[in-house]
Each structure stands twice: as C-alpha cells, then as structure tokens.
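Presented below is the structure to which this report refers.
The values are calculated or read from the model by the stated rules, or taken from the named source; none is laboratory data. These numbers come from a predicted model, not from an experiment. Neighbour counts are summed over all protein chains in view; Cβ atoms, including those assigned to glycine, are modelled from backbone coordinates with ideal geometry.
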Amino acid sequence: MLKRLPLARSRSKNEGSLKKLKRFLSKSMAQKIRKAVFPVGGLGTRFLPATKALPKEMLPVVDKPLIQYAVEEAAAAGIEEFVFVTGRGKQAIEDHFDISYELDQTLGARGRVDLVDTLRSWMPDPGQITYTRQMDPLGLGHAVWCARKYIDDEPFAVLLADDLVLADKPCLQQLIESYHTKPGNIVAAMDVLPEHTDRYGILDIEEDKGQLVSVKGLVEKPLRRNAPSNLAIIGRYILMPEVFEHLSKKNTGAGGEIQLTDALAKMVNSTPFYGLRFDGRRFDCGDKVGFLEANLAFALDRDDMKKAVERLVKSYT
Ligand code: UTP
C-alpha cells in the first residue's frame, strides 16, 4: 500500500500533465499564426553615424529597406496583422508604409503610373499595421513585451528586420509549416563557428533530428567554453503568448538588457520547444560586413544586376 501510493500519485500527476499537453496541443493547432511583431526600437549603435537620424531598419539592401523585406516575408507567410514596436527617430518607417501623395502625383504627371502601382503593391491594407513605442530601448525582450496588448492570447511571429534571409521558401513560412506539425515555441536556427557563440542566443539540444531539433535550454551569448552547442537562434520566431508572463518580470540578462532568450529559457519545461535549421542564407545586416555581404548576395540574385556585379567583384580581386 505504502509503495503504491506514490505510484498512484505520480500516475495522476502524469495524467494531469498529459491533459495539459493535450489541451495545449489542440488549442495551438487550431490557431493560425495571424500576427507578427517587428521590434524596431533598437539604437543600431554598430551602424553609427548612419543610424543617427535614419532607422537601421530603413537601410536599403540593393533598393529596398530591410523592414520591407521583413514585412513582405511575413505577408507571404500569411500574416494579417503587423505590430511595429518603434522608438524615437523611427518615423521614416511609418512614412514608408503610408501613401506618399506628392510622389504619386508627380510620378502620375510624368506618366509613371506603373511605378505608383509598384509602390502600393507591397503595402498592407489600412489598419493592418499597428505602431507602439518602446519608449526606452531596454532590450529585445522588452520590445516584444511592449506588443502584448496587440497580440493578446494567441501564438504569434517575431521578425527582426536586421536579420535578412535569402531563401527559396521564405524563412517564416518554413517556421510556420514546422509549427503546424509540431506546435510549440519554434525558432529559426543555424550552426555558427564555436568562437562566435557569444554573438547569439544558443540552443541546448535535447534531440537533433537534422533539420528540426528539440530544445531543453537556451543561453544568451555564452562564451565558447560555456556554450551548450553551436546552434544559434536567428531573428525569426513563433512564440506562444505565455512568453509575456515571463517577460513581464523584466529580469535583465546579458548586457544588462531584458533578453527574449531568457524568457524563452523559462518556458522549456512547460511548452514544447524546437529549433529549425531553415533552408536559406542569413545575413546580419546590423553588422557592417554582414550588410555589405547581403547587398552583394541580393544583387547577384537579381537577373538585372547579376552580370554587372560579377564584373565589379572581379575587378576588386
Ligand atoms: P540588436 O541586438 O541588433 O540591437 O537588436 P540594436 O540596438 O538594434 O543594434 P546595435 O547592437 O546597437 O548595433 C536586434 C533587434 O531588436 C530590436 C532592434 O531594433 C533589432 O531589430 N531591439 C533591440 C528593439 O526593438 N529594442 C531594444 O531595446 C533592442
């Protein structure tokens, strides 16, 4: 009898957890990813002086600002509501996603209605974009927390515009497809050099199935010797709304900032958690060399520029 009691208890505890997991799965599986958060409140110090008056997210790769790539990627993946977390000096982003009457009129008068149509073609409909201010750039986790009222109680995406991904299938689309087969938190991941682990959030891997890994922990910017793996998170996430409870504690981590990674680490025992080695190439456009490389890669990917850029590159080697 004495021996059976703990067993019975643990069985009922397991049944309880199983029920919770089932509830979680049916709730999450039913929910489409409709909303995306774009944290654009950072200072972009690595890109000063360019970012003194210009938002980092407005830096162009070839002829398109970073934020437009991110919004187009989200729209292609079925996102219907776009939540921007902005800050001081970021008004150019709002203007970019608004109609420019003077420009349209001038272009129209010059017979360039085609350009006007192109300029409007990628804009979400009125009311699909919401802006909120972070007020104080306290870190990525804080920026995401600022979007809580707009996300409410449903799973959502987060896209960091300065992480640009060149891929046949948009990176967010890949994440969403994975999420529908394995609901839970899921982050885009890539293998990095061991000496670069201190630049990223790093995954502690429970099981590695090649493309999809299940995750048992996360560490923000660990030194090589403390890193649990060299699988790094990049700026695409599908997150469960429970993350806001953890972010609301406003605990600070690496660099004295409120880190998204730390809040996610607190969820690994209660929420299924995955990393997806996405197909595609990621460029860190918040970094000068990464930004230059992105310009080269995107130009070389365009039929109208490829030959000229190849010639240009050759002339420098
Ligand atoms: P970064 O780590 O690149 O920081 O933020 P940063 O401030 O933009 O740039 P550096 O490091 O000073 O050069 C990653 C993403 O998180 C957003 C940034 O806008 C960027 O998209 N972010 C970061 C916020 O929205 N708020 C913050 O407080 C910090």
So, in the range 166-207, exactly how many residues are surrounded by 21 or more Cβ atoms within 10 Å (Cβ to Cβ), of a type outside the set (Gly, Ala, Ser) and in a strand (DSSP E or B)? 5
Looking for something crowded, with 18+ Cβ neighbours inside 10 Å and among the hydrophobic types (A, V, I, L, M, F, W, C) - is there at least one such residue anywhere in the range 125-136? yes
Scanning the range 136-146 for residues that are more than 17 Å from THR45 (Cβ to Cβ) and either more than 10 Å from the ligand (Cβ to nearest atom) or in contact with a helix residue (DSSP H, G or I) (Cβ under 6 Å, 6 or more places away or on another chain) (or both) gives GLY141, VAL144, TRP145
Please name all residue pairs, on different chains or six or more residues apart, with Cβ atoms under 8 Å, provided the first residue is in the range 122-134 and is under 11 Å from ALA75 (Cα atoms) and the second residue is surrounded by fewer than 14 Cβ atoms within 10 Å (Cβ to Cβ) and of a type in the set (Val, Ile, Thr). MET123/ILE99
With part of a helix (DSSP H, G or I), crowded, with 16+ Cβ neighbours inside 10 Å and within 14 Å of the chain's Cα centre (by Cα) as the only criterion, which of LEU276, LEU264 stands out? LEU264
Given the condition under 28 Å from GLU177 (Cβ atoms) and among the hydroxyl-bearing types (Ser, Thr, Tyr), answer yes or no: does some residue in the range 243-258 qualify? no
Would you point out the residue of the range 75-91, among those that are closer than 15 Å to ASP162 by Cβ and of a type in the set (A, V, I, L, M, F, W, C), that is surrounded by the fewest Cβ atoms within 10 Å (Cβ to Cβ)? PHE84
Test ARG88 against the stated conditions and say whether it is over 23 Å from LYS56 (Cα atoms) and basic (Lys, Arg). no
Let me confirm something: among GLY253, GLY235, GLY217, which residue is more than 17 Å from the chain's Cα centre (by Cα) and within 16 Å of the ligand (Cβ to nearest atom)? GLY253
Would you say ALA147 is at pLDDT 95 or above and closer than 16 Å to THR261 by Cα? no
Any hit, the range 226-240, residues being in a helix (DSSP H, G or I) and either under 24 Å from LYS35 (Cα atoms) or of a type outside the set (Gly, Ala, Ser) (or both): yes
